[in-house]
There are 2 protein chains.
Amino acid sequence: VLVAEVVNTGTELLLGNVINTHLAFLAKELFPLGIRITRQCTVPDGIEIGNALAEAASRSPDIVFVTGGLGPTSDDLTRDELARLLGLELVCDESVLAAIHELCVRRRIAFRESMARQALVPKGARVLSNPHGTAPGLYVPASPSAGRRAPHWFLLPGPPRELQPMFFNEVLPLLRELFPDMQGFSSRTYRVTGMGETAVEEAIGARIESEGILEVGFCARPNAVDLRLIGPREALERWHPHILQALGSNIFGFDQDSLESVVVRELTKRGQTLATAESCTGGYLANLVTNVPGASAVFLEGHVTYSNESKIRTLGVSAELLEKFGAVSAETARAMAEGLLERTGATHAVTTTGIAGPGGGSPGKPVGLVFIGYARIGCSATASEHHFPVDRETFKRLASQAALDTVRRALLENSNAQA
Amino acid sequence: VLVAEVVNTGTELLLGNVINTHLAFLAKELFPLGIRITRQCTVPDGIEIGNALAEAASRSPDIVFVTGGLGPTSDDLTRDELARLLGLELVCDESVLAAIHELCVRRRIAFRESMARQALVPKGARVLSNPHGTAPGLYVPASPSAGRRAPHWFLLPGPPRELQPMFFNEVLPLLRELFPDMQGFSSRTYRVTGMGETAVEEAIGARIESEGILEVGFCARPNAVDLRLIGPREALERWHPHILQALGSNIFGFDQDSLESVVVRELTKRGQTLATAESCTGGYLANLVTNVPGASAVFLEGHVTYSNESKIRTLGVSAELLEKFGAVSAETARAMAEGLLERTGATHAVTTTGIAGPGGGSPGKPVGLVFIGYARIGCSATASEHHFPVDRETFKRLASQAALDTVRRALLENSNAQA
């Protein structure tokens, strides 16, 4: 097993201006290779970077990934601090300088003297090319001394859209070269909805744990629980049928599955289609569906019918019904689904109407209330009531997931009924 | 100035199953109070937690925030490790136990023996109530020894939807009690679009830096750059007009402004309305707009017209035009905007059509190509061409931001024209 650490640099991360997505990205890519991240830290731009690099080195991991601080501005100190730590000289790499000049021409921006700092390379390092930005990445090989294990260093750019392609194009091939024998772990994650963490542990987790062979982890997610197992493939396969039996249709997927990817996959398999009409989720539901590559084959259309007028015009909901029951009601959710089905000819129509907040709540209809409407050809429309008294963005997410789970369970029931 | 560290616990964070949003949340809330986070680290569940807590304590910050590891399962060790580090006994808190029982009743789930672990509290700690979950938070006061400064400890639950309300309801009042004299920093962030990081530094950043009074930071964001200044209010105010002049209409906002919040604010100010029709952005644009509280006052409706058929049916785009120019073309983007304007009667209509990938590209129309259409009453529709050759989700984000920036600049030009 190879062990890695991640050092993220950037004052903006510690000020909360940016969410750090590097750890999750690197971890997800490294784990299947058999590289496990055991520690991550974030330090501000400036000389604290040096301390963090020294601390990481002192724990002797196999690899250290450092992100950020490679840019042209005066607070970009990562390459200087690593060169200082390892006692390496910085030299100007002419091919990097030429690439920076070329990028400026391609993007029609003027070359600036300060950009030249990005062509400085510690002696013995290898340059990792960056077609998406001016700052290249750097690989600095391990230099063991006095019998102590020393890490390999990868310095990567801060912007995810530069780091991620560099990881695939430059870092991965280099890792395979450095560690030709690396072997991935076996692991499986069961993604569960409709049960709490404790219920999952009681239903099956504790039994697996008491056997002492598999590493068992639980993670509470919005509206879902992950049951994560790591260990020998034999044990994973042996437990698999027991877990399926214990958790049943509450398991919506495995590993990287999401509700939206499962719904798109199941629709594709059956040659069926989906349409959405959203009030309170405001496009988040359609956005989730269209995040899945290939969604265009099953997703006919979506509507964000925020106003009553657009519910009437686009979905044919009657003004009387809206007047009588209100926009946030089971009746409206159902009428939206019926109108959407008729309008689009989709196999499945799903709708949301609710109160996202922070304003707009009332004692009878509080912030967080949402109705999910669902209709399919040849069945009468249904609606379910949910309460998500959380912030506006989480509300949109939970309500969209409830809508997707409604479609998922309908697909499941239908195939059970046919079987 | 008060200094804080953050320790995030959770194997799922180091496996990449979950993106860590705690640091950004805490930092954003603490900074205006004058509390600066100088270090953050992530450790797996288990005994490494103890090492991380000890290391944080050894740097003597004023406060340490620890997230996660307070739940009912066997890998939840945070409270045990802190009690061990500080030599505190764990005792069962009867009121916490009663609250857990009560929550089970309210949620109609069975009480389980393992849940009782969550009622264990280090002696001298204060319980932070958690109405959104079974595990309470804990505040453990500083216990200085041998003249060394010791931190105050806040142990908070891992799920953001539990941590965030606990922060506002329990942690904030306690911080004001502990540090009655805390004084916020002055800072201002200029959010800039249409210029690169180096251009912003050259245009104004370097001059501010060379004065040596304000701390200057740059952060490259998707399609944007943040110029961040920290320091005396006098200097911030003195530089403000120079910065506005140097960066002009490329500044789309300040601090927590986003393109969508600026667009909703400016529309609200003018009593104008917006409608969207999305092909390639698949609802992300509408989702951004409806993330802004109060968006319902200006956002009439949105459509995700993924299929050609829905572009024809919903927006009245002609089949001939689609046939002649293709769905991804300036002509289609314009026709979508015209049809949308007519359908909805909105003041502004904005549309997207492009190729999100990974599939669907061709030599003439590669993945990443997008056209933004825009129409407003009394003007002929326009379209602009953009290239974002990035992953599918980033593409949707960049294209949606380009659409919002189109509306923002149109609003700006219009008010300049009237002035």
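Computed values, structure above
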| item | result |
| --- | --- |
| Any hit, region B:167-186, residues being touching a helix residue (DSSP H, G or I) at 6+ places or on another chain (Cβ under 6 Å), touching a residue at least 40 places away in the same chain (Cβ under 8 Å) and not polar (S, T, N, Q) | yes |
| Residue count, region B:90-132 (criterion: facing another protein chain (nearest Cβ under 10 Å) and free of Cβ contacts under 8 Å to residues at least 40 places away in the same chain) | 8 |
| Complete set of residues in region A:328-370 that are in a loop (DSSP other than H, G, I, E, B), within 13 Å of chain B (Cβ to nearest Cβ) and under 24 Å from B:A297 (Cα atoms) | A:V328, A:I355, A:A356, A:G357, A:P358, A:G359, A:G360, A:G361, A:V367, A:G368 |
| Answer residue from region A:102-155, given it is in contact with a strand residue (DSSP E or B) (Cβ under 9 Å, 6 or more places away or on another chain) and assigned to a helix (DSSP H, G or I) and is farthest from A:G68 (Cα to Cα) among those | A:A116 |
| Matching option when the condition is under 25 Å from the mean Cα position of the chain (by Cα), surrounded by fewer than 20 Cβ atoms within 10 Å (Cβ to Cβ) and under 18 Å from B:P32 (Cα atoms), among B:L236, B:L229 | B:L236 |
| Search result, residues across region B:244-287 that are under 16 Å from B:A349 (Cα atoms), open to solvent by 10 Å² or more (accessible area, probe 1.4 Å) and among the charged types (D, E, K, R) | B:E260, B:E266, B:R270 |
| Filter pass, A:A275 being outside any helix (DSSP H, G or I), of a type in the set (G, A, S) and in contact with a Leu (Cβ under 6 Å, 6 or more places away or on another chain) | yes |
| Among the candidates B:T73, B:T67, B:T78, residue that is under 23 Å from the mean Cα position of the chain (by Cα), surrounded by 20 or more Cβ atoms within 10 Å (Cβ to Cβ) and under 30 Å from A:L227 (Cβ atoms) | B:T67 |
| Of all residues making up region B:371-395, the number that are at pLDDT 95 or above and either within 14 Å of chain A (Cβ to nearest Cβ) or within 19 Å of A:T290 (Cα to Cα) (or both) | 2 |
| Failed criterion for A:E309 (all others in (1) surrounded by 21 or more Cβ atoms within 10 Å (Cβ to Cβ); (2) of a type in the set (D, E, K, R); (3) within 14 Å of chain B (Cβ to nearest Cβ) hold) | (1) |
| Scan of region B:195-245 for residues that are touching a residue at least 40 places away in the same chain (Cβ under 8 Å) and either in contact with a Lys or Arg (Cβ under 8 Å, 6 or more places away or on another chain) or within 12 Å of another protein chain (Cβ to nearest Cβ) (or both), ordered by number | B:M195, B:V200, B:A203, B:P222, B:N223, B:A224, B:R228, B:L229, B:I230, B:L236, B:H240 |
| Any hit, region B:28-46, residues being among the hydrophobic types (A, V, I, L, M, F, W, C), modelled with pLDDT under 95 and assigned to a strand (DSSP E or B) | yes |
| Members of region A:262-276 that are among the aliphatic types (A, V, I, L, M) and more than 10 Å from chain B (Cβ to nearest Cβ) | A:V262, A:V263, A:V264, A:L267, A:L274 |
| Selected residue [within 13 Å of another protein chain (Cβ to nearest Cβ), among the aromatic types (F, W, Y) and either part of a helix (DSSP H, G or I) or more than 24 Å from the chain's Cα centre (by Cα) (or both)] from A:F167, A:F185 | A:F167 |
| Residue match in region B:33-54 (condition: charged (D, E, K, R), in contact (Cβ under 8 Å) with a residue 60 or more places away in the chain, surrounded by fewer than 24 Cβ atoms within 10 Å (Cβ to Cβ) and at the interface with chain A (Cβ under 7 Å from one of its Cβ atoms)) | no |
| Failed item in (1) in contact (Cβ under 8 Å) with a residue 24 or more places away in the chain; (2) open to solvent by less than 20 Å² (accessible area, probe 1.4 Å); (3) within 15 Å of A:A277 (Cα to Cα), with A:T290 passing the rest | (1) |
| Test result for B:R79, touching a strand residue (DSSP E or B) at 6+ places or on another chain (Cβ under 7 Å) and not in a loop (DSSP other than H, G, I, E, B) | yes |
| Tally, over region A:221-248, of residues that are of a type in the set (A, V, I, L, M) and in a helix (DSSP H, G or I) | 6 |
| Residue count, region B:7-27 (criterion: facing chain A (nearest Cβ under 7 Å), assigned to a loop (DSSP other than H, G, I, E, B) and surrounded by 19 or more Cβ atoms within 10 Å (Cβ to Cβ)) | 4 |
| Unique residue being in contact with a Gly (Cβ under 6 Å, 6 or more places away or on another chain), acidic (D, E) and surrounded by 19 or more Cβ atoms within 10 Å (Cβ to Cβ) when the list is A:E170, A:E162, A:E201 | A:E162 |
| Verdict on A:I109 being at pLDDT below 95, within 27 Å of B:S58 (Cα to Cα) and open to solvent by 30 Å² or more (accessible area, probe 1.4 Å) | no |
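Listed here are the residues, each with its yes/no results for (1) open to solvent by 40 Å² or more (accessible area, probe 1.4 Å); (2) in contact with a Leu (Cβ under 6 Å, 6 or more places away or on another chain); (3) within 23 Å of B:S258 (Cβ to Cβ).
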residue: B:A375; (1), (2), (3): no, yes, no
residue: B:C379; (1), (2), (3): yes, no, no
residue: B:T382; (1), (2), (3): yes, no, no
residue: B:R397; (1), (2), (3): yes, no, yes
residue: B:L411; (1), (2), (3): no, no, yes
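The values are calculated or read from the model by the stated rules, or taken from the named source; none is laboratory data. For clarity, every value in this text was computed on a predicted model and none was experimentally measured. Here the Cβ is made from the backbone with ideal geometry for all residues, glycine too, and neighbour counts use every protein chain on show. With ligands, DNA and RNA removed, areas are computed over all heavy atoms of the protein, side chains included. Shrake-Rupley method; radii C 1.70, N 1.55, O 1.52, S 1.80 Å.
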